[in-house]
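For reference, the structure is listed below as C-alpha cells.
The values are calculated or read from the model by the stated rules, or taken from the named source; none is laboratory data. In this text, all values refer to a predicted model and were calculated from it rather than measured experimentally. No Cβ is skipped: glycine too gets one built from the backbone with ideal geometry, and neighbour counts run over all protein chains shown. Just the protein is used for accessible areas: all its heavy atoms, side chains included, with ligands, DNA and RNA removed. Shrake-Rupley method; radii C 1.70, N 1.55, O 1.52, S 1.80 Å.
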Amino acid sequence: MTAPRALHTTDAERRRIEWADRLVLLGAAGVGELIAGLADSSWTVRRAVVAGLSVLGDDAVGALCGWLREVRSPERAIAAAIDALSGSMGASATRAVLALLGDPRPAVVADAAQILGRRCAVEAAPALTALLDHPNDNVAVAAIEALGAIGGSHAIDALIDVLGRRSFFRMFPALQVLARAEDPRVVAPLARLLDDDTYRIEAARALGRTGHAQAIRPLVSLLPHAGDAIVRLVALALADLVSRAEWHGAGEHVANAMRDESAPFVARLVGALRTAEPPERAAIAMVLSRIGDRSVVPDLARLLDDPELRPAATDAIQRILGRQDDAVLDALTRGDPATRAAVLPVVHTMRAAGAVRALAGDDDPQTRAQACKALARIGDTSSVPLLFAALRDPDPRVAHAAVAAIQSLGVAETATLAIAALRTEAPAVRRHALRIISYMGFSQAFAPVLEAIDDPDPRIAELAVAALGVMSHPGVDPALERLMRDPREPVRAATMRAAGHRGGPGARRVLEAGLADDAAWVRYHACQGLGRLGDDATTPLLIARLSDATAHVRIAAIEALARAATPAAWQALCAAIRSADLDEQRAALTSMASRPRDEALGFLLEAASSPDGPTRLIALSGLAQRSEPAAVQALAAAGSGDDPALREAALSLLGDRDDPAATNALVELALAADLGHPAHLTLSVRGAARVQAIARRLVTADDRAAAVLVAALARMGDELATAALFDALASPGAGVRRTAAGALVGIGARGARAAAAELARADPDPDVRRACTAMSADPP
C-alpha cells in the first residue's frame, strides 16, 4: 500500500518512498528495514513507512512492539511506530500491545495505552481502568484518554472516582473525557467541582459539553452572587450545552429548561455584554435567544454593528421576536434600521402588514428589500400597487425583491399593472415588467410585448421574446417564425430559446431552421431547444451538429442527444465520451447520467474514479438514479472521501433516496465517521425508510454505534422516530437501552421519565439502572 504523496515531494523523497514500497512487497523479510525507516527525517517518507508496516499486519506487529520496548529512539520514530501499531491490520496487534502494559517502564506503558485507545480496543478497557491507579501521571493520563476514545459506560465509574481524588494532573483529562461520555451520571460529580476554585472553570465547561438538561441548574447556581467573569463563563458553558443538545435533538427541551432556570438572571447576562470578549458576547447572545424576551432586543441590537457578532445577534433577535407577535410589531415601528432589517425575516402575520408597508419606503435599501419579501410572505395582496412602485427603486435588490413578491401574490390587477409598467419610459421598469409577464404568461399583454421586441435596448428585446414564448395566444407561433429571420442575432437566439420552451410543430420548424443559422449562439440554442422537445426524428440533425466548427454548439448537440432514444444517439454519446476534449467528455457523461440505461453503468463507474472533480460529480449524479450495488458503493465511497464537494454531493444524493440499499449505506457511513462529519446530519433527515434502517441496525449496535444511531433518531424529532426510540428501550443491547432512555429524557418525550424510572428499577444491567436513576432524578 502506498502512502498518500505530499504535494511537494523531492526526488530524494520519492526514491525513498519507492524503496519503502518495494520492501512492503517482500513481506516479513522487509520489516526490519522498514522499521529503520521510521526514523527518516522526512514526514512524507515516514508516512509511507507507517502505511507499509500497517498493511503488513501480523508480520510487523512483533517487531514493532519489540522496537518500542528496546530501541525507542529518536522521538519521531516513536511517534511513527505508535501510528503503525494503531493502524495495523494484524489480528494479533491488540493482544501484543496489551502485553506492553506490563512493561516496567512508564513510557512504554503510556505508548501502549495510547495505541489501544486509538485502536478503540474494547477488550482493553479493564486493563486500562487498572492503570488509572498507576503511580506515574503520564501513564494514568494516557489510560484516561484511551478510555475516552474507546467509549462505553464501563469506565464511567472509574473516571468519576478519579475526580473524587482531586489529583491535579489527572483531573483535567478526566474532565474532558467525562464531558464527552454522554452519560447523565457525570453531571453530579462535575457539579460538585463548581465549589472548587481550582477546577471551577474546567468543570463548568465540561458540564456544558455534556449537553444534558440536568447540567443547567448547577451552572445557573453560580450566577446569583457572581462577578462578570463567572457570568461569562456560565454563558459559554450554556451555549456549549445548547449546541450539544441540538446535535442530540434535545435543543427545544433544553431551551425550555434553561428558560425556567435562568430567567431571573437575564439582567446579569445583559450586563456582562459590556465586558465580554467577542466569543463570550456571541455565547451570551445565544443564551439570551433562548431565555430572553423583547426587553433584551435593544441590547442585542447594539451587537449588529459588529460584523463578527451580527449573525449571532440577528439569530437571537429573530428567535426572541419570533415567539412574540406584539414584540415584532414594536420592533418594526420603533427599532433602529439594523433591528428592523433583522426582524423583517421573521414577520409571518397579517397584523404586521401596515408596519411592513411603511418600511417599503424606508431610507435603508436592505430594509426596503426585506419589506418586499415580507409582504409576499404574509400574503398582503393589497400591497401589489406599492410593489409595482418599488420597481423604480434605484437599488436593484429592492426591485428584484418586488418582482418576486408580485409574482408570488398574483392578484387579478397584476396584468393591468404589468402592462402599464411595460409602457413606462424607464428601461429598468420595463425589464422588470417583462419578467413579471413572462412568469405569469399574460396573453392580454401580447400586443405591447410584440411592440417591445422592437425596443432599441437589446435586453428589453430579448426579454420580450421570452415573454412571447410563454403566452397561449394564436399569434405567437407566426411571430416566432418571423423573428427567426430577424437581423439581430440576440433576438434570433432568444427566439430559439422561446421555441424550445414552447414546443409544438411550429416551434420545431423554427428550431430546425436555427440549426443552419450563421450565428453560433443561435445554433447553440436551437440544439438545446430540440433537446427539450425530445423528438427522435431530429437525431440526424443533432448528430450533424457534432462536427460544428464551434465548441459550444457541439456540446449543446451532445446534451440534446440525451433526450433521443435511438441507437444512433447512443452511439454518438459513446463516441463523445471518448473525445479528446474534456468538455465534450463531460457533456456526454451528463447526457448518459440524465437518462439511466443499463449500458451507461460502466461509463459512470469509470468516471466516478476520475481524477477530474467535475467529472466525478457528474458521475455521482447519474449513479444516484441507479439501484445496482456498485452504484451505491461508489456513492458511499465518495461520501466518506476527503474532497468536501464530492462528499457533500454524495451524501445529499444518498439522503434523497429512501431505498434500503441507500439508507443502509448512509447508516454505515455515519457509524464510520467522526461526530463532526456531515453524514450524521444527512442520516437525521426525517423519513420512514431511514427510521427503519436505523432501528434494524440498533439490534446489533455496540455502545458507540448506539450513540450515533439514537442521536440521529432524536434529531428527527417526529412521532415515527420517537416511537423507534421507545422500542429501543426493549433492545437486547444494554448500551442501546441506556442511550435510548437518555435521548428520550433529553428531548422531553412524553412518558420518557416514567420509562427511565422503570429501567432504573428493573433493568437487568447495573449500568443501565445507574444511568436511568441519574436521568430520572431531579437536577443536582
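A few notes on this one:
- If you take all other residues with their beta carbon under 12 Å from the beta carbon of residue 286, and give Lys and Arg +1 and Asp and Glu -1, the sum is -1.
- As an equivalent ellipsoid, the range 359-479 spans semi-axes of 26, 15, 10 angstrom, where each value is the square root of five times an eigenvalue of the C-alpha gyration tensor, largest first.
- Modelled spin-label separation between residue 350 and residue 571, with each label point placed 7 Å from Cα along the Cα-to-Cβ direction: 6.5 nm.
- Paramagnetic label zone (point 7 Å from Cα along Cα-to-C-beta, residue 259; backbone N under 19 Å) in the range 275-302: 284-298, 300
- Theoretical gain in end-to-end length, residue 758 to residue 704 [0.36 nm per residue, Cα-Cα removed]: 17.1 nm
- Three-way shape label, the range 138-201, alpha-carbon gyration tensor, a/c 1.5: oblate
- Stretch gain in nm, segment residue 305-residue 252, where the contour uses 0.36 nm per residue and the Cα spacing is subtracted: 16.2 nm
- Where only DSSP H runs of four or more residues are counted, the chain gives -20500 deg cm²/dmol as its mean residue ellipticity at 222 nm, each run worth -39500 (n - 2.57).
- Rounded percent of accessible protein surface that carbon and sulfur make up, the chain, 1.4 Å probe: 54
- Principal semi-axes in Å for the chain [√(5λ), Cα gyration tensor, largest first]: 57, 41, 23
- Fully extending the segment from residue 381 to residue 79 would add 101.8 nm, taking 0.36 nm per residue of separation and subtracting the current Cα-Cα distance.
- Alpha-carbon centroids, the range 184-229 and the range 313-354: separation in whole Å: 34
- Between the C-alpha center of the range 649-682 and that of the range 96-162 there is a gap of 32 Å.
- Highest average packing first - 482-489, 308-315, Cβ atoms within 10 Å: 308-315, 482-489
- Gyration tensor (alpha-carbon) shape descriptor, the range 604-653, a/c threshold 1.5: oblate
- Ordering 732, 142, 57 by the projection of their Cα atoms onto the charge dipole of the chain, which places +1 on the Cβ of Lys and Arg and -1 on the Cβ of Asp and Glu, puts 732 at the extreme positive end.
- Over the range 495-560 - Rg/Rh using Cα atoms and the Kirkwood inverse-distance radius: 0.91
- At an R0 of 45 angstrom, the distance between the Cβ atoms of residue 659 and residue 137 translates into a FRET efficiency of 0.25.
- Backbone N within the range 111-125 under 15 Å of label point (7 Å from residue 161 Cα along the Cβ vector): 125
- As a rough guide to protection, the peptides 357-367, 25-35, 279-289 ranked by mean Cβ packing within 10 Å, highest first, stand as 279-289, 357-367, 25-35.
- Accessible-area rank, largest first, for 199, 524: 524, 199, with all protein chains present and a 1.4 angstrom probe.
- Computed label-point distance, nm, for sites residue 228 and residue 326 using a 7 Å Cα→Cβ extension: 3.3
- Rounded, prolate or oblate (a/c below 1.5 giving rounded, otherwise prolate when a/b exceeds b/c) for the range 343-419 by Cα gyration tensor: oblate
- Spatial separation of Cα centroids for the range 451-511 and the range 627-641, in angstrom: 44
- FRET efficiency, 1/(1 + (r/R0)^6) with R0 30 Å, evaluated for residue 630 and residue 730 via beta carbons: 0.20
- Positive dipole terminus of the chain, leading residue within 297, 238, 582 (C-beta point charges): 297
- Here the Karplus relation 6.51 cos²θ - 1.76 cosθ + 1.60, evaluated at θ = phi - 60°, turns the backbone of the range 169-177 into coupling constants of 6, 9, 5, 5, x, 5, 4, 5, 5 Hz, with x for every Gly and Pro.
- Total charge dipole magnitude, the chain, about the Cα centre, Cβ charges on Lys, Arg, Asp, Glu only, Debye to nearest 20: 680
- The residue list 440, 286, 549 was ranked by how far each Cα lies along the charge dipole of the chain toward its positive end, using unit charges on Cβ atoms, and 440 comes out on top.
- Solvent-accessible surface of the chain, averaged per residue with a 1.4 angstrom probe and all protein chains in place: 43 square angstrom.
- Each peptide in 212-218, 650-656 receives the mean, over its residues, of other Cβ atoms within 10 Å, and ordering these scores from highest gives 212-218, 650-656.
- Calculated FRET efficiency for the pair residue 518/residue 720, C-beta based, R₀ 60 Å, to 0.05: 0.50
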